[in-house]
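> What follows is a structure written as structure tokens; I'll ask about it next.
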Amino acid sequence: MKDDGDIISRAAVENERIRLHTILDQLPEGVLITEVSTGSISYANVAASKLLDIPLSNLIGTTLRYPQPAHDGISLQSYHLNPWQFVAIQALYRETVISQETLITRPDGSTIIALTSSTPLWIEQGMMTEAVVVFQDITAHKKLKQQKSEFLWMANHELRTPITIIQGFAEILQIEGEKH
């Protein structure tokens, strides 16, 4: 027979689980969680699906270590291996990756630049159970930085020509002034 405390405790745990999933699902960053025992993705939020341009149903359950047959003929393995998968695999092998710029090629061939981090997740007994990957699309930021750099280079180049001409005329005037 279950006591009321046990039922309340289970309800509290379930409420907390739902709350955490709600938080993760609303993050603008992509989040993937992979199981250490199988290497398969056990959780992916909506942002991960959008950033990778892969349906959630194709992400969840896909293994990052071994080929996995797909029920519908489409699996993550039908896409070529992407650097974000290596970042996830590094976490599965107990490595932490912090803020690594990663070029991600989507299934349609388009690319994005993501800032990617991953880490193993440990339980209290010191056992690694999962790995988490978090990534943020920084493509627009990188393009803006590139445009700024190109503008500064062009402005510098364009300003050099008039300054060179003015310096040339100043030297001519100086030479002419010394003659008189």
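> Taking interchain pairs and intrachain pairs at least six residues apart, which have beta carbon atoms under 8 angstrom, with the first residue in the range 17-34 and assigned by TED's automatic domain parsing to the domain that holds Leu51 and acidic (Asp, Glu) and the second assigned to a loop (DSSP other than H, G, I, E, B) and surrounded by 11 or more Cβ atoms within 10 Å (Cβ to Cβ)?
Asp25/Asn45
> Testing Ile98 on (1) surrounded by 11 or more Cβ atoms within 10 Å (Cβ to Cβ); (2) modelled with pLDDT of 90 or more; (3) β-branched (Val, Ile, Thr), one condition comes back false. Which one is that?
Against the list (1) surrounded by 11 or more Cβ atoms within 10 Å (Cβ to Cβ); (2) modelled with pLDDT of 90 or more; (3) β-branched (Val, Ile, Thr), Ile98 comes up short only on (1).
> With the checklist (1) at pLDDT below 90; (2) buried (at least 17 other Cβ atoms within 10 Å of the Cβ) in hand, flag the one item Ala70 doesn't pass.
(2)
> Would you mind stating whether Gln167 is out of contact with any Ser or Thr (no Cβ under 7 Å at 6 or more places or on another chain) and part of a strand (DSSP E or B)?
The answer is no for Gln167.
> Another question, then. Among the aliphatic types (A, V, I, L, M), at pLDDT below 80, crowded, with 17+ Cβ neighbours inside 10 Å and assigned by TED's automatic domain parsing to the domain that holds Glu29: which single residue out of Leu81, Leu76 fits that description?
Of the residues listed, the single one that is among the aliphatic types (A, V, I, L, M), at pLDDT below 80, crowded, with 17+ Cβ neighbours inside 10 Å and assigned by TED's automatic domain parsing to the domain that holds Glu29 is Leu76.
> Shifting gears a bit: For the range 132-180, how many residues are surrounded by 10 or more Cβ atoms within 10 Å (Cβ to Cβ), farther than 19 Å from Glu101 by Cα and small (Gly, Ala, Ser)?
Qualifying residue count for the region: 3.
> Go through the range 1-39 and count every residue that is at pLDDT below 90 and under 13 Å from Ile60 (Cβ atoms).
Residues in the range 1-39 being at pLDDT below 90 and under 13 Å from Ile60 (Cβ atoms): 2 in total.
The values are calculated or read from the model by the stated rules, or taken from the named source; none is laboratory data. What you see is a predicted model; the values in this text were computed from it and never measured. Quick reminder, even Gly has a Cβ in these numbers, built from the backbone with ideal geometry, and neighbours come from all protein chains shown.
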